[in-house]
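Nothing in this text is a laboratory measurement; each read-out follows from the coordinates by a stated rule. Worth saying up front: this structure is predicted, and the values here are computed from it rather than measured. Ideal geometry is used to build each Cβ from the backbone, glycine not excepted, and the neighbour counts take in all protein chains shown.
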Amino acid sequence: MRVEIGGRVVAPGDGERSYTINTTALALLRSLETDHSPGRPVADRLVLHCGMLLMTSCPIGIDWSVTHVGGRVRLHDVVRYDTVDEREAARFPDLVVELEGDEYRRKIAEFAEHAKQPFVGAEKSLEDDFDRELYQQFWREFDARLARALL
């Protein structure tokens with residue numbers, strides 16, 4: 001997955017790193033309605049490396065703060081965690097982007113629609129009732145947030 005913010009490549013999408021697309025999409029959908037920051041996260045990271053249905057991840061991933069201000073969205077404090085050692089993170093302190101709230105919503109909704117496609121019509125075989133319920137809850141939240149984003 002290639003991650004570009006404000007024309008700057010944060011992750012090249014060259015296959016060196018992999019990210020979990022469906023949990024990343026849900027985290028980003030959550031950021032449409034709620035600010036996200038390390039102190040008040042909507043998920044462990046906005047781009048999760050090994051994300052699970054509980055929206056928790058190992059420390060690897062990409063994160064940034066999302067601040068909603070008067071119809072605009074500010075993306076800042078961008079950090080890419082390539083290893084479990086957070087001291088080795090690649091930080092982008094000068095990367096700050098502001099865009100119209102509708103533009104941010106459209107981009108996230110487009111990504112979420114794309115992220116959902118591999119799962120449409122796919123049968124998931126889960127033996128455990130707990131996992132089955134988590135899976136269903138995940139997609140209920142995903143679909144509800146995507147539907148609101150598409151309005």
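Helical runs assigned H by DSSP (4 residues or longer) give the chain a calculated mean residue ellipticity at 222 nm of -10500 deg cm²/dmol, each run adding -39500 (n - 2.57) before division by the residue total. Computed from phi, the 3J(HN,Hα) profile of the range 60-66 under the Karplus parametrisation 6.51, -1.76, 1.60 (θ = phi - 60°) reads 6, x, 10, 9, 7, 8, 10 Hz, with x in place of Gly and Pro.
Ordering Leu32, Ala115, Phe138 by the projection of their Cα atoms onto the charge dipole of the chain, which places +1 on the Cβ of Lys and Arg and -1 on the Cβ of Asp and Glu, puts Leu32 at the extreme positive end.
Length gained on full extension, Met1 to Cys58: 18.8 nm, using 0.36 nm per residue less the C-alpha separation.
Full extension of the chain segment joining Arg8 with Val97 gains 31.0 nm, where the gain is 0.36 nm per residue of separation less the Cα-Cα distance. Scalar couplings 3J(HN,Hα) for the range 121-134, obtained by applying the Karplus form with A = 6.51, B = -1.76, C = 1.60 to θ = phi - 60°, are x, 7, 8, 9, 9, 10, 7, 8, 4, 4, 5, 4, 5, 4 Hz; x denotes Gly and Pro. Backbone geometry of the range 88-101 corresponds, through the Karplus equation with coefficients 6.51, -1.76 and 1.60 at θ = phi - 60°, to 3J(HN,Hα) couplings of 8, 5, 8, 9, 10, x, 8, 8, 9, 10, 10, 9, 4, x Hz, x marking Gly and Pro. The H on the amide N of Ile5, modeled in the peptide plane, is under 5 Å from the matching H of Val10, each at least 5 residues off or on a different chain. For the range 1-150, averaging the sequence separation of C-alpha pairs within contact (under 8 Å, six or more residues apart) and dividing by the residue count gives a relative contact order of 20 percent.
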